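Engineer: Let me begin by handing over the structure; questions about it come next.
The values are calculated or read from the model by the stated rules, or taken from the named source; none is laboratory data. Please read these numbers as outputs of a predicted model, since none were measured by experiment. With ideal geometry, Cβ positions are generated from the backbone for all residues, glycine too; neighbour counts draw on all protein chains shown.
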Amino acid sequence: MAGVCGVVLVLALAIPSSLQSDPTPLRADQGNWTVDDCILVRVASQIVLQPSPDNLNLTVTMELPVEAIASGDCKVPETKGDPVPKQRITLNWKETKDGVELLRNITMEFSRNETSQKYGVSRISAVYDVKQYVEVENQTDPVTNETIPVNVTVIQYVSMTTFKMEPMEFLVPLNRSYLCMDAGSKMMHTELHKTSEKPGDGGVKLPDAELSAKMVQLDAFRSGSAPEGEFQTSMDCTYRPNDIVPIIVGCALAGLVLMVLVAYLVGRRKSRARGYQSV
């Protein structure tokens, strides 16, 4: 029994106290964003993606700039079959390439678990415009009903998503904020699209993109008592419950039970021995 307790105690001490670090170097600076004081976010983040199906050796790093503009919703409308309360923040920015402004954004969706009274990030998605060009499209003239060629501006873009994350990431109790110096990385399903696609057309599947995040602090579903513009008391991602005390108590109880059992067996043997002697 002592040997088992010793092994358990060693294993408890050996549990890592931090999340696995992201192996991809992250160059982005930490930004600070809010949505109507219901969501506060601080994060340094980037996404590494391969935007071309014809050149898989081409890798692009999409860094989240501190100048990104936040928009969002403190009460995301419910969807059919999904009544879970949600909040959303989208960080938008533009980059100019060959004189053309290309859009980028990252969206974080928070969900609240009413049973456990916790919330976390249930989905992350992103959009990266690759290029803008003009292509000829045949359209029908509404007056003459003739088919005529028309120049149409087309945007080619990459969509990325984690889909719905179950269990949620960055989980924390309500009225607390999540804090982590290195939140590691997450792979995202990635597709190439263009704005001229017809409804129902699917995109071109690309290799998964890698989302990395460091210096993360997230605060959502803030109550009216939360300090305006300030993060609520944080819970660090490196926190782990102290399992040593319960293990010691368990081992002590097991030892006590063993001692009582041994004493009982010894007493029983002595009692039998006295009975034989009297006969």
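Engineer: Consider PHE221 against the criteria (1) assigned to a strand (DSSP E or B); (2) under 19 Å from the mean Cα position of the chain (by Cα); (3) touching a residue at least 24 places away in the same chain (Cβ under 8 Å): it satisfies all of them except one. Which criterion is unmet?
Structural biologist: Single failed check for PHE221: (1).
Engineer: Oh, and also: Looking only at segment 109-124, decide whether some residue is over 16 Å from the mean Cα position of the chain (by Cα) and surrounded by 16 or more Cβ atoms within 10 Å (Cβ to Cβ).
Structural biologist: Here is the first cut: in segment 109-124, the ones over 16 Å from the mean Cα position of the chain (by Cα) are 114-117.
Cutting the leftovers down to surrounded by 16 or more Cβ atoms within 10 Å (Cβ to Cβ) gives us none.
No.
Engineer: Quick one: would you say VAL150 is touching an Asp or Glu at 6+ places or on another chain (Cβ under 7 Å), assigned by TED's automatic domain parsing to the domain that holds ASP98 and either surrounded by fewer than 10 Cβ atoms within 10 Å (Cβ to Cβ) or aliphatic (A, V, I, L, M) (or both)?
Structural biologist: Considered against the rule, which asks whether it is touching an Asp or Glu at 6+ places or on another chain (Cβ under 7 Å), assigned by TED's automatic domain parsing to the domain that holds ASP98 and either surrounded by fewer than 10 Cβ atoms within 10 Å (Cβ to Cβ) or aliphatic (A, V, I, L, M) (or both), VAL150 comes out as yes.
Engineer: In segment 43-68, what count of residues is obtained for those that are more than 23 Å from GLN156 (Cβ to Cβ) and crowded, with 17+ Cβ neighbours inside 10 Å?
Structural biologist: Qualifying residue count, segment 43-68: 3.
Engineer: GLU95 versus (1) within 30 Å of GLY224 (Cα to Cα); (2) without any contact (Cβ under 8 Å) to a residue 60 or more places away in the chain: which is the lone unmet condition?
Structural biologist: For GLU95, the failing item is (1).
Engineer: Let me ask something else about it. Just to be sure I understand the filter: pairs with C-beta atoms under 8 Å, separated by 6 or more residues or on different chains, first member in segment 125-151 and under 17 Å from LYS198 (Cα atoms), second member outside any strand (DSSP E or B). Which pairs pass?
Structural biologist: Close Cβ pairs satisfying both conditions: GLU135/SER196; GLU137/SER196; THR140/GLU146.
Engineer: Here's something else I'd like to know. Just to verify a result, which residue in segment 191-213, among those that are out of contact with any Pro (no Cβ under 8 Å at 6 or more places or on another chain) and buried (at least 19 other Cβ atoms within 10 Å of the Cβ), is farthest from VAL136 (Cα to Cα)?
Structural biologist: Going through the qualifying residues, I end up with ALA213.
Engineer: Now for a separate question. With the requirement that a residue be part of a strand (DSSP E or B), more than 26 Å from ALA213 (Cα to Cα) and charged (D, E, K, R), what does segment 77-130 give you?
Structural biologist: ASP82
Engineer: Another question, then. Check off (1) surrounded by fewer than 16 Cβ atoms within 10 Å (Cβ to Cβ); (2) over 16 Å from the mean Cα position of the chain (by Cα); (3) of a type in the set (A, V, I, L, M, F, W, C) for MET187 and give me the number that stays unchecked.
Structural biologist: (2)
Engineer: A follow-up question, please. Which residue pairs have Cβ atoms under 9 Å apart, sit 6 or more places apart or on different chains, and have a first residue in segment 153-176 that is of a type in the set (Gly, Ala, Ser) and a second that is surrounded by 16 or more Cβ atoms within 10 Å (Cβ to Cβ)?
Structural biologist: Within 9 Å, the pairs are SER159/SER125; SER159/ALA126; SER159/VAL127; SER159/TYR128; SER159/THR190; SER159/LEU192; SER159/HIS193.
Engineer: Can you name the number of the only condition in (1) modelled with pLDDT of 90 or more; (2) within 25 Å of VAL76 (Cα to Cα) that PRO227 fails?
Structural biologist: (1)
Engineer: Moving on to the next point. Could you check TYR128 against (1) within 21 Å of MET187 (Cβ to Cβ); (2) surrounded by fewer than 13 Cβ atoms within 10 Å (Cβ to Cβ); (3) of a type in the set (Phe, Trp, Tyr) and say which number it fails?
Structural biologist: (2)
Engineer: Please indicate, with yes or no, whether at least one residue in segment 151-158 is of a type outside the set (D, E, K, R) and under 20 Å from LEU26 (Cβ atoms). Talk me through it step by step, then tell me what you get.
Structural biologist: First pass over segment 151-158, keeping only residues of a type outside the set (D, E, K, R): 151-158.
Still in the list and also under 20 Å from LEU26 (Cβ atoms): 158.
Yes: segment 151-158 contains one or more residues that are of a type outside the set (D, E, K, R) and under 20 Å from LEU26 (Cβ atoms).
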